[in-house]
Every structure is written in structure tokens, then in C-alpha cells.
Amino acid sequence: MQFLYTNWMLVLIMVMSGTMLLYPLIQRRRFGMAEVGNVRLTHLMNREDATVLDIREAKEMTGTKIIGALHVPFSQLKERLSTLTADKAKPLVVYDERGQRAMMAGSSLKEAGFTQLYSLSGGIKAWTVAGLPVEKV
């Protein structure tokens with residue numbers, strides 16, 4: 001007990017780092033999505049006929065998107081869920097600029113009936129840095 005009292009800063013750092021390690025697991029459960037990288041996304045698109053959903057806002061659009069991706073801004077996602085023509089049983093991969101908001105879209109998509117939800121790790125930024133193909137908007 002004396003060790004904990006005299007080294008409270010170390011204990012605090014240990015608890016905080018443990019929490020930071022567990023956060024992605026908690027976030028995945030909360031939003032109902034798993035993260036995928038560029039290679040897994042390519043596999044989902046080519047072999048499992050995945051739908052790709054771009055949720056960047058209009059001001060964030062750089063003039064390109066992943067080939068075949070549907071564009072529905074995050075701010076309009078809840079209102080436009082009924083317009084998504086994607087098969088709800090097939091994989092749906094969501095991305096934004098860097099991957100932060102894509103996870104938050106998961107809860108709305110899960111409520112709409114989508115069962116296989118994924119978020120692109122690193123977003124469109126990681127996709128373009130890897131030199132993967134994009135189409136002009």
C-alpha cells in the first residue's frame with residue numbers, strides 16, 4: 001500500500017494507458033462497427049460486393065472519392081438512410097476524411113438494419129496516401 005501512495009503518478013499513468021488501450025474495443029461495441037484497412041476494403045469490394053459510403057461533408061470533398069462509393073454527408077445521414085439502396089445483408093464500409101466520424105455513423109446504420117458494418121481505418125487520407133484508385137466527383 002505504501003508503494004501505491006508514494007507512486008500515485010505511476011499508478012495513474014498505468015490506469016490511463018490501460019483505458020486508452022481498451023477504448024477502441026469499447027468504441028467498436030458501442031457503434032457496432034469493425035475497422036478495416038485498405039487491403040481488407042479492397043477484398044470486401046472485389047469479393048463480397050461491399051457497398052462503400054463516403055460521409056464527408058461537401059466542404060471536405062477534395063474532388064475525389066473511392067471508386068463506386070456513394071456520397072451521403074454525415075450531417076444528412078439519418079434523414080437519407082431510406083434512400084440508401086445498398087443490400088443490408090452485404091458489407092457496408094463507411095469512410096470520411098481521416099476515420100473519426102465513420103465510427104459514429106455506425107449506430108444509425110445499425111438501427112437501419114445493416115448487419116455487416118465496417119469503418120475504413122485512416123479514411124480517404126490513408127487510401128490516397130497508399131496510392132489506391134479514386135474517381136473524380
Some residue of the stretch 73-81 being hydrophobic (A, V, I, L, M, F, W, C) and without any contact (Cβ under 8 Å) to a residue 24 or more places away in the chain: no
Subset of the stretch 80-109 that is of a type in the set (D, E, K, R) and assigned to a helix (DSSP H, G or I) - its residue that is modelled with the highest pLDDT: 80
Selection within the stretch 45-67 - closer than 18 Å to residue 117 by Cβ, exposed (fewer than 13 other Cβ atoms within 10 Å of the Cβ) and in contact (Cβ under 8 Å) with a residue 12 or more places away in the chain: 48, 49
Members of the stretch 32-54 that are in a loop (DSSP other than H, G, I, E, B) and touching a Ser or Thr at 6+ places or on another chain (Cβ under 6 Å): 33, 37
Members of the stretch 82-105 found to be surrounded by fewer than 17 Cβ atoms within 10 Å (Cβ to Cβ) and within 8 Å of the chain's Cα centre (by Cα), listed by number: 100
Residue in the stretch 69-79 that is touching a helix residue (DSSP H, G or I) at 6+ places or on another chain (Cβ under 8 Å), assigned to a loop (DSSP other than H, G, I, E, B) and buried (at least 16 other Cβ atoms within 10 Å of the Cβ) present: yes
Residue, nearest to the chain's Cα centre (by Cα), within the stretch 110-132, restricted to residues that are within 19 Å of residue 87 (Cβ to Cβ) and assigned to a helix (DSSP H, G or I): 110
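The values are calculated or read from the model by the stated rules, or taken from the named source; none is laboratory data. None of these values were measured; they are calculated from a predicted model. Because the Cβ atoms are built from the backbone with ideal geometry, glycine has one as well, and the counts that use them run over all protein chains shown.
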